[in-house]
Amino acid sequence: MRRVVITGQGAVSALGMGAAQTMEGMREGRLGIKPLDIKDVDRLTVRIGGQVTGYDPAAYFTRQQLTFYDRFTQFALLAAAEAMARSGLEITEELALRSGVVMGTAAGGLHTQDDSYRAVYEAGKNRVHPFVVPRLMNNAAAAQISMKYNLQGPSYAVASACASSNHAMGQAFQMIRSGMSDVMLTGGSESMLVFGGIKAWEGLRVMSRDACRPFSKNRNGMVQGEGGAVFVFEELEHARARGAEILAEVAGFSMTSDACDIVSPGREGAARAMQGALRDAGLSPEDIGYINAHGTGTTANDKTETAAVRMAFGDHADRLAISSTKSMHGHLIGGTGAVELLACIMALREGVIPPTIGYQEPDPECDLDVVPNVAREVKVTATLSNAFAFGGMNAVLALRSAP
Amino acid sequence: MSQDIQRQVIEIIAEQAMLQPSDISLDATLEDLGIDSLGLVEAVFAIEETFDVQVPFNANNPAESDFDISSVRSMIGAVEKLVAGRG
């Protein structure tokens, strides 16, 4: 069977511009969540987020480009550029036909929507910018990446709320494994940190007003972040033939549905997704040294996820490490699985497991080894990355050290 | 007033063409200036915003629109008519 490896990575997050900066933040246990700097923040009750700050779009893109790039597309393109540079891949005319893009996003161009609704409803204008549609569409980021790198194979966007990125990367993985393509740029990006986006989340009453403290007994909700990550997935022999540096192997993928509740997470569906990823990868539970948790910091998710890990791993649940980096960069919604895959790659390559920061009080219902507050050095050869979305949609990726 | 419209239309076109306004000839066509259909749509949007008018322009079929885009001069003339009709 064809095997799939990662040969490039790129990211933008509240922890920094670039994958290296984001991973360094994870290693240091740095807090990227801060007071939000957005329009009308005084009308919000939630005023913190993992915002990408000190970023000037004009430093990276021309005015003409920016007329087509919503913020979520900008993040995707920056991450893609970094990933492509890291991979050293050259897209020849022949390879272009065997390469594509699958990107996750939950909301697409929400800045564009928010600005345009303001124009017609608030300012009473009767027209909006002519490129609102190509800027806000969910596939805008995937399309711009395919155009920039001349990737002419399968390209599309995946929307499954908080699991979008994992579903996207899982699809890209399966396409290469099945022989449909040789190279896929994949990951996800999101920017819901605008007035309308946060207002919508406020309504659900699952947002914390002070901090994201996954698995801690005093946790009081999630905190949104923004950004994204893109990876170059490549068929193993293709990567070897060109002497590419292999960052990790994508070993397996599984997706399940709770088929139960639109917002409440389910234990069985999550457990089945983890077991499925192990089976798909040919790994046994004992092989897994680290799980990057979905770990949103809500009461319901963290205890359900803990129970699901126990169900899937049995006794081994007490011997593996699990952490939630959302405590540092916030919940990137449709982009979150992509940025969090970096935590798995770091564990595999550097033997460093990022911490769950903000951890203050043990919770008997979240009694796994959550690597509280400080990163840990441990040799790890296989990891899982969990994403459990609203709608009961679960997607889990299994990574293994570079072969 | 008319000079003012001419100057502003040229500025809008120049921005799309990524040229200085002084480099825009009245007889130039959009093609001469390297403005594609997307640039035209953006220019039409800018004209509407600047002059508070509705430009009768359909990007699906520019040739059949009432708005004459055959040259910079014709566009200025079309905008002048729209502005006159506005009052």
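The values are calculated or read from the model by the stated rules, or taken from the named source; none is laboratory data. In this text, all values refer to a predicted model and were calculated from it rather than measured experimentally. Note: ideal-geometry Cβ built from the backbone for every residue, glycine included; neighbour counts use all protein chains shown.
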(request) Name, by its number, the condition in (1) on the phi > 0 side of the Ramachandran plot; (2) away from every other protein chain (no Cβ under 14 Å); (3) not charged (D, E, K, R) that does not hold for A:GLY124. (result) (2)
(request) Only residues that are in a helix (DSSP H, G or I) and touching a Lys or Arg at 6+ places or on another chain (Cβ under 7 Å): list them for the stretch A:108-122, please. (result) A:HIS111, A:THR112, A:ALA119
(message) Whether any residue in the stretch A:92-107 is assigned to a loop (DSSP other than H, G, I, E, B), touching a helix residue (DSSP H, G or I) at 6+ places or on another chain (Cβ under 6 Å) and under 26 Å from A:THR22 (Cα atoms) is what I want to check.
(response) yes
(message) Let me spell it out: the conditions are (1) farther than 26 Å from A:ASP367 by Cβ; (2) in contact (Cβ under 8 Å) with a residue 24 or more places away in the chain, and A:ARG240 meets all of them except one. Which number is the exception?
(response) (2)
(message) Suppose we filter A:ALA382, A:ALA402, A:ALA389 for residues that are in contact (Cβ under 8 Å) with a residue 60 or more places away in the chain, surrounded by fewer than 20 Cβ atoms within 10 Å (Cβ to Cβ) and small (Gly, Ala, Ser); which single one remains?
(response) A:ALA402
(request) Go through the stretch B:14-32 residue by residue and tally those that are within 14 Å of chain A (Cβ to nearest Cβ) and not acidic (Asp, Glu). (result) 5
(request) Among the candidates A:GLY100, A:GLY54, A:GLY50, A:GLY104, single out the residue that is over 30 Å from A:ALA239 (Cβ atoms), crowded, with 19+ Cβ neighbours inside 10 Å and either of a type in the set (A, V, I, L, M) or assigned by TED's automatic domain parsing to the domain that holds A:GLU226 (or both). (result) A:GLY50
(request) Evaluate the following for A:HIS129: is it at pLDDT below 95 and either within 14 Å of chain B (Cβ to nearest Cβ) or touching a helix residue (DSSP H, G or I) at 6+ places or on another chain (Cβ under 7 Å) (or both)? (result) yes
(request) Could you tell me whether B:GLU11 is without any contact (Cβ under 8 Å) to a residue 24 or more places away in the chain, in a helix (DSSP H, G or I), surrounded by fewer than 17 Cβ atoms within 10 Å (Cβ to Cβ) and within 13 Å of chain A (Cβ to nearest Cβ)? (result) no
(request) Specify the residue that is surrounded by the most Cβ atoms within 10 Å (Cβ to Cβ); the eligible residues are those in the stretch A:172-218 that are farther than 16 Å from A:THR336 by Cα and among the polar types (S, T, N, Q). (result) A:SER216
(request) For the stretch A:164-180, indicate whether the set of residues that are part of a loop (DSSP other than H, G, I, E, B), at pLDDT 95 or above and not acidic (Asp, Glu) is non-empty. (result) yes
(request) Can you run down the residue pairs with Cβ atoms below 7 Å, 6 or more apart or on separate chains, where the first is in the stretch A:47-71 and within 14 Å of chain B (Cβ to nearest Cβ) and polar (S, T, N, Q) and the partner is crowded, with 17+ Cβ neighbours inside 10 Å and not in a loop (DSSP other than H, G, I, E, B)? (result) A:THR67/B:GLU42
(request) Being among the aliphatic types (A, V, I, L, M) and touching a helix residue (DSSP H, G or I) at 6+ places or on another chain (Cβ under 7 Å) is the filter here, so list the residues in the stretch A:223-263 that pass it. (result) A:ALA229, A:VAL230, A:VAL232, A:ALA244, A:ILE246, A:LEU247, A:ALA248, A:VAL250, A:ALA251, A:MET255
(message) Within the stretch B:45-63, does at least one residue satisfy the condition of being of a type in the set (Ser, Thr, Tyr), surrounded by 12 or more Cβ atoms within 10 Å (Cβ to Cβ), more than 10 Å from every other protein chain (Cβ to nearest Cβ) and assigned to a helix (DSSP H, G or I)?
(response) yes
(message) Tell me the residue from A:THR336, A:THR304 that is in contact with a Pro (Cβ under 6 Å, 6 or more places away or on another chain) and either part of a helix (DSSP H, G or I) or closer than 30 Å to A:ALA79 by Cα (or both), please.
(response) A:THR304
(message) Restricting to the stretch A:276-300, name every residue that is in contact with a helix residue (DSSP H, G or I) (Cβ under 9 Å, 6 or more places away or on another chain), touching a residue at least 60 places away in the same chain (Cβ under 8 Å) and in a loop (DSSP other than H, G, I, E, B).
(response) A:LEU283, A:ILE288, A:GLY289, A:ALA293, A:HIS294, A:GLY295, A:THR296, A:GLY297
(message) Regarding the stretch A:123-133, can at least one residue be identified that is in a helix (DSSP H, G or I) and not hydrophobic (A, V, I, L, M, F, W, C)?
(response) no
(message) Among the numbered criteria (1) away from chain A (no Cβ under 13 Å); (2) under 19 Å from A:THR62 (Cβ atoms); (3) β-branched (Val, Ile, Thr), which one does B:VAL41 miss?
(response) (1)
